[in-house]
Amino acid sequence: MPSVRREPKLSFPERKPAPVNKDVGTTTIPSLGMFAAFGGYPASTGTPVTPFTALQASAVYGCVNCISQDIGKLSLTMRRKLPGNRGYTAVTDHPLLKVLRKPNPWQTRSQFWRYLATSLKLRGNGYAAILRNRGGEPTSLIPLSPDVTTPVISDTGRVFYRFSHPMIGQGQLWYQENILHFRDMMVDGGYIGLSPIAYAQDVMGVAIAAQRHAAILFRQGNQTGGVLSTDKLLSPEGAVQIANEVASHYQGVENSSKPMVLGSGMKYERMTLTNEEAQFLESRRFSVEEICRIFRVPPHKVQHLVGGTFSDIENEEQAYINDTLQPVATEIEQMGSERLLFEDDIAAGIELYFDFDSLLRGNRKARYESYSIGTQTGILSVNEARAQEGLAPIEGGDVHRFPLNTGDIKPPSPPPTGAPGNTAPEVTPQTAPVSEDS
């Protein structure tokens, strides 16, 4: 008897502000992104650090953009585990595939996952509301801003989410079964992820302050500050006039090469260290490495080459996939499988997964080498390899071929009678008949 699809326990939420009741508890976890509305996270440099100002640091922008774009490249699809753990087979007829290909009316698949990955890395959390039909099947995934989405814990330990969205409504309170919540590093019960921007504000602040300092140096056209002094007595108005004249004639990039001419016995004394003495450039380089360490991105991914060879970069690329992209992909796969699939789908071994083969799309040599190894060892047929390249099948291409010098590991069976190399049965020699006439 075929299995009957069952609705999730809480499949279709009310699309109106939820009434206040005793089950929806008193514990509310504020969104870390809300701090940006009140001036940002205070850094020791005095520079306000928010998810938006942090992007002014090129290393932060590069790391977040790199991770989000690479996650957007991957294809999120579905597969079914075969009985006896004998591998997986692709699922091509599930209604959820339509939602995965087009999550909502205004975003492509790549844009949707890029946004959630960006939210995850800037704010520590990524949210999406699941719209369902009356049968409980997902029909759309609506991305939510972490700044206006707040987990709420009831007195009984149940998790709800309070949010607002123009397409859904204001002041919504939905069950956790209808919200995709992706979390970065977690503490305190694991209800909410930690924002790297909030907890590494000093690192971000140093990078932003150094970048602003460099911009100011170029704008002023002077590397150092100084003091103009004279033995003559100056009135306050005269001192201000001289300072303004020096600034108007010698400040700015276009005036940086002009020789300074001072009259009336005035002298110029430098009062601050040079950039080289303060190791200004070295501090900017170190800030890049610090930010890459926070986001777990190899420096070469943000065009910061710190030595090594091309072979080292190849190993770092693999480490980037394993240690940076794979954890994000696993978080999405597991949360998506839990919230988007029915219980009978999960019981049948269906799950969501990211296809990392798309990362080799720009490396034809690596793809063809992997196809060659796969077809020669019997892992792939020729038509399976051609399908991954978007090519039509060929006649006889579905046969899996194996090397002739390989075989099963088992004792050889005796050859059948009459097989090549088999010894002929012995014949007892007989004495030739003797003729009667002899």
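The values are calculated or read from the model by the stated rules, or taken from the named source; none is laboratory data. All values reported here derive from a predicted model rather than from experimental measurement. Ideal geometry is used to build each Cβ from the backbone, glycine not excepted, and the neighbour counts take in all protein chains shown. Note: areas computed on protein heavy atoms with side chains; ligands, DNA, RNA excluded. Shrake-Rupley method; radii C 1.70, N 1.55, O 1.52, S 1.80 Å.
When Thr89 is tested against (1) under 30 Å from His213 (Cβ atoms); (2) part of a strand (DSSP E or B), exactly one condition is not met: (1). The residues in the stretch 83-125 that are open to solvent by 90 Å² or more (accessible area, probe 1.4 Å), within 12 Å of Leu141 (Cα to Cα) and either among the basic types (Lys, Arg) or in contact with a His (Cβ under 9 Å, 6 or more places away or on another chain) (or both) can be counted, and the count is 3. All conditions in (1) under 29 Å from Tyr199 (Cα atoms); (2) open to solvent by less than 10 Å² (accessible area, probe 1.4 Å); (3) out of contact with any helix residue (DSSP H, G or I) (no Cβ under 6 Å at 6 or more places or on another chain) hold for Ala57, with the sole exception of (3). Summed over the stretch 310-346, the residues that are farther than 21 Å from Asp70 by Cα, in a helix (DSSP H, G or I) and in contact (Cβ under 8 Å) with a residue 40 or more places away in the chain give a count of 5.
I'm checking my understanding of the structure. Among residues of the stretch 360-379 that are within 26 Å of Ala319 (Cα to Cα) and either basic (Lys, Arg) or buried (at least 16 other Cβ atoms within 10 Å of the Cβ) (or both), which one is farthest from the chain's Cα centre (by Cα)?
Gly374
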